[in-house]
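Notes follow once the structure below has been shown.
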Amino acid sequence: MANTFFEGDGDLSQISQYSIGIIGYGNQGRAHALNLRDSGLTVCVSTREGSPASARAVADGFAVHTVEEVANNCEVLALMLPDEAIPGVYRDSIEPYLEARDIFVFAHGFTVHHRTIRLPDDADVLLVAPTGPGRQLRSLYEQGKGLPALLAVDQDASGLAWKRCLAYAKAIGCLRAGAIETTFREETVTDLYCEQAVLCGGMPELIKAAFAVLVEKGYQPELAYISCLKEVKLIADLLFERGLDGMRAAISNTAKFGSALTGPELVNAGTRRELEEVLSRIESGRFASLFLQDAAAGSPVTRDFLASEKHSRLARAGRALRESLDF
Ligand SMILES: NC(=O)c1ccc[n+]([C@@H]2O[C@H](COP(=O)([O-])OP(=O)(O)OC[C@H]3O[C@@H](n4cnc5c(N)ncnc54)[C@H](OP(=O)(O)O)[C@@H]3O)[C@@H](O)[C@H]2O)c1
């Protein structure tokens with residue numbers, strides 16, 4: 001059983017004497033900044049010049065600083081930037097301004113696990129990875145609840161890194177729901193693997209393929225869209241709330257029989273071999289290299305893929321449905 005931690009395990013006084021610099025005011029950065037401030041901690045926000053996020057931070061009541069100012073003045077630096085942007089920002093705007101014994105916080109293990117930057121040896125390096133998007137982290141906090149998180153320490157120069165990690169997780173509300181201890185490597189590999197194999201890669205491709213087969217055989221695109229894509233939410237909600245067994249208990253006997261017959265035919269030993277390949281490309285660091293190369297070249301692979309999807313039959317069916325029906 002994994003090591004789990006709750007509200008009583010975190011002590012805010014472990015970080016309350018420090019200024020916490022939030023670098024990047026996007027999805028995670030905004031939620032961390034607001035939750036930390038509402039927990040009584042001192043927060044400084046930085047955005048890049050000309051960023052639309054600056055106006056949002058001001059509207060939220062923060063004075064907006066440059067990344068350099070935050071790096072210079074804050075002891076805790078939470079790097080809430082896209083993973084591919086961190087090396088450049090760190091090299092140009094953070095590293096030259098560091099003081100001794102800084103504390104670095106990451107919301108995902110990618111940068112540290114793949115060593116895309118070289119952090120000082122005298123720093124504490126913490127992972128506080130909420131298991132969901134920033135807006136959910138914020139809205140649950142406002143309701144007096146929390147989003148579970150994954151926690152890890154990569155460097156413990158102070159001897160207090162784990163306590164500081166728990167304190168930060170408590171301040172953003174995650175210990176209300178519970179946090180699990182992990183490592184930067186485990187969080188990175190499992191996160192990348194699941195988003196590629198299931199959530200953002202495998203499942204959407206299965207939806208696309210199933211939709212295409214129906215439409216090519218003459219079925220109405222709108223119906224195909226509803227059954228292959230929209231209804232995913234119903235099953236996802238059941239899986240989230242009740243697990244696989246609970247989902248199966250809630251579906252019809254026809255659906256149970258159909259899934260027993262067809263599921264293992266579709267996802268078979270060949271699929272499992274492909275999944276092992278996906279995992280090994282992530283574990284070897286090859287995926288990280290491909291991703292960073294693509295980002296450095298202006299993201300042509302990602303851009304072309306998204307462009308090709310935008311006008312697909314499936315996307316058009318979705319737009320038509322949203323315009324004509326109330327969903
Ligand atoms: N999104 C999630 O659900 C989620 C969940 C858990 C963990 N995480 C992790 O959280 C971290 C932050 O991700 P995110 O999704 O919050 O990112 P994001 O929403 O894309 O926000 C990134 C912020 O960084 C700024 N930024 C981008 N490039 C920059 C640059 N070169 N220099 C300075 N600022 C720059 C953006 O500014 P502009 O507004 O000007 O573009 C924006 O304010 C990542 O490590 C990610 O893996 C994300």
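So the values come out like this:
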{"quantity": "Residue in the range 195-202 that is touching a residue at least 60 places away in the same chain (Cβ under 8 Å) and either surrounded by 18 or more Cβ atoms within 10 Å (Cβ to Cβ) or assigned by TED's automatic domain parsing to the domain that holds CYS74 (or both) present", "calculated": "no"}
{"quantity": "Search result, residues across the range 28-77 that are under 18 Å from LEU127 (Cα atoms) and touching a residue at least 60 places away in the same chain (Cβ under 8 Å)", "calculated": "GLN28, GLY29, ARG30, ALA31, HIS32, ASN35, LEU36, VAL76"}
{"quantity": "Pairs, first closer than 18 Å to LEU147 by Cα in the range 234-250, second modelled with pLDDT of 95 or more and surrounded by 13 or more Cβ atoms within 10 Å (Cβ to Cβ), C-beta under 6 Å, six or more apart", "calculated": "LEU239/MET247"}
{"quantity": "Among the residues listed as ASP156, ASP124, the single one being in contact with a Leu (Cβ under 8 Å, 6 or more places away or on another chain), charged (D, E, K, R) and more than 26 Å from ALA295 (Cα to Cα)", "calculated": "ASP124"}
{"quantity": "Residues being within 12 Å of the chain's Cα centre (by Cα) and of a type in the set (D, E, K, R) - total across the range 105-131", "calculated": "0"}
{"quantity": "Flag for ARG286 being exposed (fewer than 13 other Cβ atoms within 10 Å of the Cβ) and either in the same structural domain as GLN196 (by TED's automatic domain parsing) or under 19 Å from CYS194 (Cα atoms) (or both)", "calculated": "yes"}
{"quantity": "Filtered residues of the range 117-168 (kept if within 15 Å of ALA31 (Cβ to Cβ), more than 16 Å from the ligand (Cβ to nearest atom) and not acidic (Asp, Glu))", "calculated": "GLN143, LYS145"}
{"quantity": "Helices (runs of 4 or more DSSP H) completely within the range 1-113 that count 1 or more residues being within 16 Å of the ligand (Cβ to nearest atom) and more than 17 Å from LEU150 (Cα to Cα)", "calculated": "27-38, 53-59, 67-73, 86-89"}
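The values are calculated or read from the model by the stated rules, or taken from the named source; none is laboratory data. Predicted model only: the values in this text are computed from it and were never measured. Cβ coordinates were reconstructed from backbone atoms using ideal geometry, including for glycine residues, and neighbour counts include every protein chain displayed.
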